[in-house]
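Data first, discussion second: the structure below is written as structure tokens.
Every read-out reported here was derived from the displayed coordinates using simple, explicitly stated rules and does not represent laboratory data. Keep in mind that what you see is a predicted model, and the values were worked out from it rather than measured. Neighbour counts run over all protein chains shown; Cβ positions are idealised from the backbone, glycine included.
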Amino acid sequence: MNTKIYLVKKYSLLLYFMFLSSCATNPVSGIPDFVTITEGQEISIGASYHKQILENNKIIENKELNDYFEKLGNSIAKQSHRPKLKWHFTLIDDPTFNAFATPGGYVYMYRGMLNYFNSEAELAGVIGHEIGHITARHAVRGMSTAQITNLLLGILQSNVPGGQLTSNAFNLMNLMVNRGYSRKFELEADQLGEEYLGKTNYDTLAMSSFLKTLKHSDELEKKIAKSEGREPNIGYHGVFSTHPDNEKRIKALAKKSKNISKTKNNKEKFLKLLDGSLYGSSPEEGYVKDSIFYHPIFAIKFSVLDDWILKNEPDKLILKKNEDTMILRADELLADDLENGLTPEQFLKDGIEKTSFLSKNELIKSEIFSHNDLEGHSYLYKTQGLMNTTYRRFTAIFDTKTFKTKPKAWIAITDLKELTNDKSSTDILRTFSKMSATEVKSSKGLRIKVIRFRDGMSYEKLAKGSPLGKFAIDKLRLLNGHYPDKSPAIGDLIKIVQ
């Protein structure tokens, strides 16, 4: 028999049996779905993925907040299309502005999103949206489609429907969590979130209200990114999200909204619960307050000049000004080397000589860089290209006065298009110093403080004492659902950052 004809018959027969065995009624629509994943497999995938999430993320330690989130989530899930699932609701301690759901009843929200709700109803709406993804089996339907596609391409080796489920499901799940769902699925989840609000007697307009916050968050991020000369990081489910435009989603909900009287939003109750919660990076990751970067674990601090933009990454700090960049990271020092006279200059020299850097670059300055009782050294090199000249500065600062950590060499590598910003970059490094014991002890990062808006207050006045920097007015307005130009009424509770 011809091999091609055999394969066509083989896959046609396989697809026929899959069609007979894989039509399951969708819990939301009541219409049969073509899926290759059973509910038991769905729950198993969710449990496995949940284990991975717990291993790779820190969970918020606030028991009161966790209990509240879980209780609220379960109250909504009971009114959903799949009330008998065992639901799980998890708050992740991370400043990311996002929430997501995985198959089998698992809903997650990042601390960074939680701070931007201005009522319990808004929070309930987004929880309902994520529950909607699960009740409508969006992930399962997406994975099933991918499984079939792979099968037709000959990627699956098993003749049994779903035979390679375990090995492929994780990759498919990662793809969906990181990229979001289709426009159709997102709109359906919006509508389900609104429907579940109504069933739990919340103000159904809260769903579209928070979508406006999402829209305004994107607008402000674009505004800030433009001023910083970078690409904006936008999108509810990540930068690669396929969400419909927020404006379209808001309009779609407005057409369907049938708000009823005597609904609840529990605004004051929710805001009082947020009082004292973390804003932005957690203290152990380092944070900026009043233009000073603090890292209480390493007990170091330095000033961030207004025209330099700081990005705090897990393994390094990146400071940018126009086209110039400074990367700052720590390297452990060996006690034996220090005891045998290792200096910052020798440390730099040894490191640079191990590379091919010296063969193409000219040393134009070598200087002692010791400030604030910390020893350091700095080299400035020139690179002469065919079309232009650029500069690179290497700086090493020894921190040997550590208490709970090993001695460190803080290494700064600054790439300069011209020497214009060399002085301001070294001015930043000259402020590099140790935090006092009192500073470390009292270092709690930035916190949300809930206050009552009183006569004489304004966002302009509150921004003057805010650690939020250049865009403090805009950020405070966004935090309270008043972006771009609204103001609270006298007596309203609002959030500020301290």
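Observations, loosely collected:
- Separation of alpha-carbon centers, the range 33-90 and the range 182-236, rounded to whole Å: 21 Å
- Net length gained if the chain between Asn233 and Asn57 were fully extended (0.36 nm per residue, minus Cα distance): 61.3 nm
- Take every pair of alpha-carbon atoms less than 8 Å apart whose residues are at least six positions apart; their mean separation over the length of the range 445-497 yields a relative contact order of 54 percent.
- Residues whose placed amide H lies under 5 Å from that of Thr204, excluding near-sequence neighbours: Ile260
- Approximate shape of the range 445-497 as ellipsoid semi-axes (Cα gyration tensor, √5λ), whole Å, largest first: 16, 12, 10
- Each residue of the range 116-126 is assigned a 3J(HN,Hα), and the resulting list reads 9, 7, 10, 6, 5, 5, 4, 4, 4, x, 6 Hz, derived from the Karplus form 6.51 cos²θ - 1.76 cosθ + 1.60 (θ = phi - 60°), x at Gly and Pro.
- Neighbour counting of Cβ atoms within 10 Å sorts the residues Thr395, Thr38, fewest neighbours leading, into Thr38, Thr395.
- When peptides 79-88, 48-57 are ranked by their average number of other Cβ atoms within 10 Å per residue, the highest-first order is 79-88, 48-57.
- Report note on the peptides 122-135, 198-211, 439-452: ranked by the mean count of other C-beta atoms within 10 Å, highest first, their order is 122-135, 198-211, 439-452.
- Too-long pairs where the Cα-Cα distance tops 28 Å, listed order kept, from Lys251/Lys449; Lys63/Lys486; Lys199/Lys269; Lys444/Lys464; Lys71/Lys264: Lys251/Lys449; Lys63/Lys486
- Packing-based ranking, highest mean first, of 356-367, 478-489 given that Cβ atoms within 10 Å are counted: 478-489, 356-367
- Loop sites in the range 248-355: GluC sites (Glu not before Pro), DSSP, at most 14 other Cβ within 10 Å: Glu323
- Backbone geometry of the range 63-69 corresponds, through the Karplus equation with coefficients 6.51, -1.76 and 1.60 at θ = phi - 60°, to 3J(HN,Hα) couplings of 4, 4, 5, 4, 4, 4, 4 Hz, x marking Gly and Pro.
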